[in-house]
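No lab work stands behind these numbers, since they all come straight from the coordinates. Note that the structure is predicted; figures quoted are calculated from it, not measured. Glycine gets a Cβ as well: all are built from the backbone with ideal geometry, and neighbour counts include every protein chain shown.
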Amino acid sequence: MELKITVVAGDGIGPEVTREAVEILSTVAHLNGHKFTFVEERIGGVAIRQDGSPLPARTLAAALDSDAVLLGAVGGNEFNALPPDKRPEAGLLQLRQALGGYANLRPAVAYEPLSHNSPLRPEVTRGADILFVRELLGGLYFSQPRAWDRDAGMALNTMRYTRAEVVRVARVAFDLASKRRGKVTSVDKANVLEVSQLWRATVTEVAAEYPGVTIDHQYVDACAMHLMNTPRNFDVVLTENLFGDILSDEAAVITGSLGMLPSATIGGKVNLYEPVHGSAPDIAGTGKANPLGAILTAAMILRHSAGLEQDARAIEDAVANVLQRGYRTADLVRAGTHGEQPVTTREMGRLVYEALNEIIDRAQALHAV
Ligand code: IPM
Ligand code: MG
């Protein structure tokens, strides 16, 4: 299997966590005879500083010319005063739009033993395994008109969806649910917003194509509460762009840390892979960053861009194994509670690497018998 991956590590902890993900991908390639090539390009704040643009033309060209794009994180405090279109985040949003993926998959899994850092009780989170399908190219993020009229003291954003945009992302959610536990929860604000009424009516139509999948509609405010009260009741959560942004950060509480969540954006010309967390400039360079979100994102590359389901599973099993043995980065340890010494970013990467080697060795030994 050959795969050309554009790596845009970006800002803050982006390069640190991306490095571990690339190492894991190289390990899989080495052990299983695949050829993965990595092309490094700039995006975000680092690109603003060096190239004068958050998405330089050569980065975009490289991304479009690859089989998958792996992104670390973008953003930094020095850009906080800039308008949206000049910020590092604009580079990411332009890249998302250019690559064209509209379905952003964000799994949130409560790994055992449950993180000390989750404020939720173990009996609430145990066994939770949710897949968010966040619409990524519409809604408030991209719809026109948008404006900030400083003189008039007025600003405006628009939440617009077409039926076709809802149909295509809904089908992704139902397809995935039919291979999981067969349940879609569609999240909207149909008691207030016309755009949500269109969303709900369209999702209801698509649901009729999938008799084996049950559909449940929730208002976003209620969903935010149910996610914390009864996370196990969710299988696939289908929602629009901003609601998905908010709810997926909330769901990180179930896993113990935002550093645990991976994501894959599919449906466009080239799939885009990024951990859900941001650039965390406060801990950049300290070895505190959790690389597991990025490493689990690497597994999603193998699943969704290479059809290497077994290798994707091997990475996920390696992560589960390392956590099972009690290793945790600082974000997963609640300060002062268990007297544990957290491992660094590099140590965590190394532990996953070792576990992965063993898992693949064992699989190959079985195969050889
Ligand atoms: C995310 C992030 C991005 C988003 C930002 C960095 C633009 O929060 O991927 O969840 O809002 O989509
Ligand atoms: Mg977000």
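All C-alpha pair distances within segment 152-217, sorted into 10 Å bins from zero, spread as 21, 47, 21, 7, 3, 0 percent across the bins. If you look at the Cα atoms of segment 249-360, you get an Rg and a Dmax of 14.4, 48 Å. Between amide H atoms placed 1.01 Å from N, distances below 5 Å from residue 186 occur with 216, 217, 218, 238, all of them 5 or more places distant or on a separate chain.
Take every pair of alpha-carbon atoms less than 8 Å apart whose residues are at least six positions apart; their mean separation over the length of the chain yields a relative contact order of 22 percent. So what is the calculated 222 nm ellipticity per residue for the chain, using -39500 (n - 2.57) for each DSSP H run with n of 4 or more, over all residues, to the nearest 500 deg cm²/dmol? The per-residue figure over the chain is -13500 deg cm²/dmol. Counted by neighbouring Cβ atoms within 10 Å, the residues 3, 323 run from fewest to most as 3, 323. By the beta-carbon count within 10 Å of each Cβ, the least crowded to most crowded order of 199, 148, fewest first, is 148, 199. The modelled label-to-label distance for the pair residue 230/residue 35, using points 7 Å beyond Cα in the direction of Cβ, is 5.3 nm.
Loop-located trypsin sites (Lys or Arg not before Pro) in segment 76-168 (DSSP state not H, G, I, E or B) with no more than 11 neighbouring Cβ atoms inside 10 Å: 150.
Please compute one quarter of the surface area of the Cα convex hull for segment 286-328 and express it in square nanometres. Averaged projected hull area, Cα only: 3.1 nm². Near residue 179, which lysines are there with a Cα under 25 Å away, not counting those fewer than 8 places off in the same chain? Answer for residue 179, where 25 Å is the Cα cut-off: 269, listed by chain and number.
Restricting to Cα atoms and excluding each atom paired with itself, what does the Kirkwood estimate give for segment 151-296 in Å? Taking the inverse mean of 1/r over all distinct Cα pairs, segment 151-296 comes out at 17.0 Å. Would you list, by chain and number, the aspartates and glutamates whose Cα falls below 19 Å from the Cα of residue 35, excluding same-chain residues fewer than 8 positions away? Partners found: 2, 20, 23, 65, 67, 309, 311, 361.
When all alpha carbon pairs of the chain are counted in 20 Å bins from zero, the resulting P(r) reads 29, 60, 11, 0 %.
Listed by chain and number, the aspartates and glutamates placed with their C-alpha closer than 17 angstrom to that of residue 183 are 129, 175, 205, 209, 216, 235; residues fewer than eight positions away on the same chain are left out. For segment 1-81, trypsin sites (Lys or Arg not before Pro) meeting the loop criterion (DSSP other than H, G, I, E, B) and having at most 15 other Cβ atoms within 10 Å: none.
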